[in-house]
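See structure below.
The values are calculated or read from the model by the stated rules, or taken from the named source; none is laboratory data. The structure presented is a predicted model; accordingly, all values stated were derived computationally and were not measured. In this analysis, Cβ positions are derived from the backbone assuming ideal geometry, glycine residues included, and neighbour counts consider all displayed protein chains.
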Amino acid sequence: MTTQRGQTRLQKFPIGIDPKQFAEYLAAELSPAEQEKVSSLLQNFEGAKFAIGVDRLDYTKGIDKRVEAFNHLLAAEPGSISLLQIAPRSRADVDQYRKYKEHVENAINHVNAEHGTDDWRPIHYTNDSFSQAALARLYRAAPVGVVTPLRDGMNLVAKEYVAAQDPENPGVLVLSKFAGAAEDFNDDEALLVDPNHPEEIVEAIKKAANMPLEERVKRWRSMMDKIESYTIHDWGADYLRELDKSRVTPADHILLPGFGWSNEAQMPLYQSYAAVLTAYNEIDPADAALKRAAYADVESAFDALAAPLKHTQDRLWDLPAATASRDGRGRTGIGARED
């Protein structure tokens, strides 16, 4: 895109993860305290199916819609599946986020009161944070991964859940079609849903929880191939490669003091400025009067050149206080400061 301010290039760079590192997380030892925390959580689901959701406690993540979906699911199929919802607090000092936290917790309490028993709780909810190694164990243990943000740039939890699965017995990913990861995983791989419609989440979770092993393996293998074929290292290399293409070099640009590198085509007055500057530099320093007069022309030409650039580049520039030039007069150029 080219405007009066110059050329802007827009390109998307879908970020990946490091699947090899995630495999190492699964093998890594946890601290005794974290091992106890993970074991305590998993004890709640022994012999039962459960789904896992891992999200910041943020209204864009659709946690309330997810809880609503579980309410509908358990009303239709009591005791069929549980949810482990991990939701570290986000922007706790903002009133709207505090209200959202209360809204989510009230919804969870309602589901647990409505559908729970003395021996079974439908939704296990925690605001604790976990290491990547601990999350990897929790992802692998969950037959269903639920990633249903209302809108998300990527959501790497989706890729982490897939990377953590047992190749012989993988879980199923339920994924919002409005997460960036949905562009990587099609409907033959993840189960794509509209998170604004809890009934779609319900049907996807039911399908995921009862999916035959052969289909689960096929879906997982296809997603894992994509994750392994484009890792975070590929993403970084692509980004830097494209960034390098935008590098401004002296070969086709001019270094203008105070304005950085600028293209000559965008500075129609540059030739006039260059001419008077050349004339100034060719004057014998011994001819002080002529040198002073020529320098005044340089200043005037520079001001004329810089004025439209200050407008088109839309930056804040400070004119420096007068400084001594080599011939003892005036300023030598324009300095810059970005606020």
With respect to residue 63, determine if the residue is touching a residue at least 24 places away in the same chain (Cβ under 8 Å), surrounded by 14 or more Cβ atoms within 10 Å (Cβ to Cβ) and under 22 Å from the mean Cα position of the chain (by Cα).
-> yes
Given (1) closer than 23 Å to residue 70 by Cβ; (2) touching an Asp or Glu at 6+ places or on another chain (Cβ under 9 Å); (3) touching a residue at least 60 places away in the same chain (Cβ under 8 Å); (4) not hydroxyl-bearing (Ser, Thr, Tyr), number of the condition residue 160 does not satisfy = (2)
Kindly indicate whether any position in region 236-253 is within 30 Å of residue 270 (Cα to Cα), touching a strand residue (DSSP E or B) at 6+ places or on another chain (Cβ under 6 Å) and assigned to a strand (DSSP E or B).
-> yes
Can you tell me how many residues in region 123-152 are without any contact (Cβ under 8 Å) to a residue 60 or more places away in the chain and out of contact with any Pro (no Cβ under 9 Å at 6 or more places or on another chain)?
-> 2
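Condition check ((1) modelled with pLDDT of 95 or more; (2) within 28 Å of residue 78 (Cα to Cα); (3) of a type outside the set (Ser, Thr, Tyr)) across all residues:
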{"residue": "125", "(1), (2), (3)": "yes, yes, no"}
{"residue": "138", "(1), (2), (3)": "yes, yes, yes"}
{"residue": "141", "(1), (2), (3)": "yes, yes, yes"}
{"residue": "148", "(1), (2), (3)": "yes, yes, no"}
{"residue": "153", "(1), (2), (3)": "no, no, yes"}
{"residue": "159", "(1), (2), (3)": "yes, no, yes"}
{"residue": "167", "(1), (2), (3)": "yes, no, yes"}
{"residue": "173", "(1), (2), (3)": "yes, yes, yes"}
Is it the case that some residue within region 69-89 is in a helix (DSSP H, G or I), in contact (Cβ under 8 Å) with a residue 40 or more places away in the chain, among the hydroxyl-bearing types (Ser, Thr, Tyr) and under 27 Å from residue 179 (Cβ atoms)?
-> no
Of all residues in region 204-216, which are in a helix (DSSP H, G or I) and more than 29 Å from the chain's Cα centre (by Cα)?
-> 206, 207, 209, 213, 214, 215
Taking region 207-244 and keeping residues in contact with a helix residue (DSSP H, G or I) (Cβ under 7 Å, 6 or more places away or on another chain) and within 23 Å of residue 84 (Cβ to Cβ) leaves 220, 223, 224, 227
Since residue 24 meets every condition but one in (1) modelled with pLDDT of 90 or more; (2) surrounded by 14 or more Cβ atoms within 10 Å (Cβ to Cβ), which condition does it not meet?
-> (2)
Give 87, 107 a once-over and let me know the one that is buried (at least 21 other Cβ atoms within 10 Å of the Cβ) and at negative phi.
-> 87
Quick one: which of 91, 56 is in the same structural domain as residue 161 (by TED's automatic domain parsing), out of contact with any strand residue (DSSP E or B) (no Cβ under 6 Å at 6 or more places or on another chain) and over 21 Å from residue 197 (Cα atoms)?
-> 91
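Yes/no per residue for (1) surrounded by fewer than 23 Cβ atoms within 10 Å (Cβ to Cβ); (2) more than 21 Å from the chain's Cα centre (by Cα):
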site: 114; (1), (2): yes, yes
site: 141; (1), (2): yes, yes
site: 150; (1), (2): yes, no
site: 154; (1), (2): yes, no
site: 157; (1), (2): no, no
site: 181; (1), (2): no, no
site: 197; (1), (2): yes, yes
Which numbered condition residue 185 misses (of (1) farther than 29 Å from residue 75 by Cα; (2) in contact (Cβ under 8 Å) with a residue 60 or more places away in the chain; (3) in contact with a strand residue (DSSP E or B) (Cβ under 7 Å, 6 or more places away or on another chain)) | (2)
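Per-residue answers, yes or no, for (1) more than 21 Å from residue 223 (Cα to Cα); (2) not in a loop (DSSP other than H, G, I, E, B):
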residue: 119; (1), (2): yes, no
residue: 130; (1), (2): yes, no
residue: 140; (1), (2): no, yes
residue: 150; (1), (2): yes, no
residue: 157; (1), (2): no, yes
residue: 160; (1), (2): no, yes
residue: 166; (1), (2): no, no
residue: 175; (1), (2): no, yes
residue: 187; (1), (2): no, no
